[in-house]
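One structure is given below, encoded as structure tokens.
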Amino acid sequence: MPRSIWKGPFFDKYLEKKAKATLASGRHEAIKTWSRRSTIIPEFVGVTFAVYNGKKFIPVTVNDGMVGCKLGEFSPTRTYYGHGADKKAKR
């Protein structure tokens, strides 16, 4: 179930502060974050986040098409190796 419209999108306030500081300074460093739950807002466009997936940080460069999605959607937590039947067929 999506969040109420009157509440607005959820994002951690420290991410907005760091994103504005990064854009203002002109640096292109990745901002490390564990906040997979934060919604991408228009102020994040052009910023690179290093999103933690439980094992390592995955770099995610935000563009216009990502606005409204969550940061965790672009940092998969599971690795898919294929079905077992596919491996038998290749032999």
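Could you tell me whether region 63-76 includes any residue that is assigned to a loop (DSSP other than H, G, I, E, B), buried (at least 16 other Cβ atoms within 10 Å of the Cβ) and under 17 Å from the mean Cα position of the chain (by Cα)? Looking through region 63-76, at least one residue is assigned to a loop (DSSP other than H, G, I, E, B), buried (at least 16 other Cβ atoms within 10 Å of the Cβ) and under 17 Å from the mean Cα position of the chain (by Cα).
Conditions tested, residue by residue: (1) assigned to a strand (DSSP E or B); (2) at pLDDT below 95; (3) surrounded by fewer than 11 Cβ atoms within 10 Å (Cβ to Cβ).
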| site | (1), (2), (3) |
| --- | --- |
| 4 | no, yes, yes |
| 7 | no, yes, yes |
| 11 | no, yes, no |
| 16 | no, yes, no |
| 20 | no, yes, no |
| 46 | no, yes, no |
| 49 | yes, no, no |
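The C-beta contact set for region 32-46 (first residue more than 17 Å from residue 7 (Cα to Cα), second residue charged (D, E, K, R) and part of a loop (DSSP other than H, G, I, E, B), distance under 8 angstrom, 6+ apart or interchain) comprises 33/12; 35/12. With respect to the conditions (1) in contact with an Asp or Glu (Cβ under 7 Å, 6 or more places away or on another chain); (2) over 21 Å from residue 24 (Cβ atoms), residue 82 lacks only one, and its number is (1).
Provide a single number: the residues in region 35-44 that are under 19 Å from residue 76 (Cα atoms) and surrounded by fewer than 16 Cβ atoms within 10 Å (Cβ to Cβ). Spell out how you get there, then give the answer.
Start the filter on region 35-44 by keeping residues that are under 19 Å from residue 76 (Cα atoms), which leaves 35-40.
With the extra rule that they be surrounded by fewer than 16 Cβ atoms within 10 Å (Cβ to Cβ), the set shrinks to 37.
Adding up the residues that qualify gives 1.
Scanning region 54-77 for residues that are in contact with a Pro (Cβ under 9 Å, 6 or more places away or on another chain) and farther than 17 Å from residue 12 by Cβ gives 58, 64. Among the residues examined, residue 58 qualifies as assigned to a strand (DSSP E or B) and either exposed (fewer than 14 other Cβ atoms within 10 Å of the Cβ) or of a type outside the set (Phe, Trp, Tyr) (or both). Consider residue 32 carefully, then state whether it is assigned to a helix (DSSP H, G or I), in contact with a strand residue (DSSP E or B) (Cβ under 6 Å, 6 or more places away or on another chain) and surrounded by 10 or more Cβ atoms within 10 Å (Cβ to Cβ). So residue 32 does not fit the description; no. Look at (1) over 16 Å from the mean Cα position of the chain (by Cα); (2) in contact (Cβ under 8 Å) with a residue 12 or more places away in the chain and you find that residue 4 fails only one, number (2).
The values are calculated or read from the model by the stated rules, or taken from the named source; none is laboratory data. Please read all numbers here as calculations on a predicted model, not as lab measurements. When we count neighbours, we look across all protein chains shown, and the Cβ atoms used for this are built from the backbone with ideal geometry, even at glycine.
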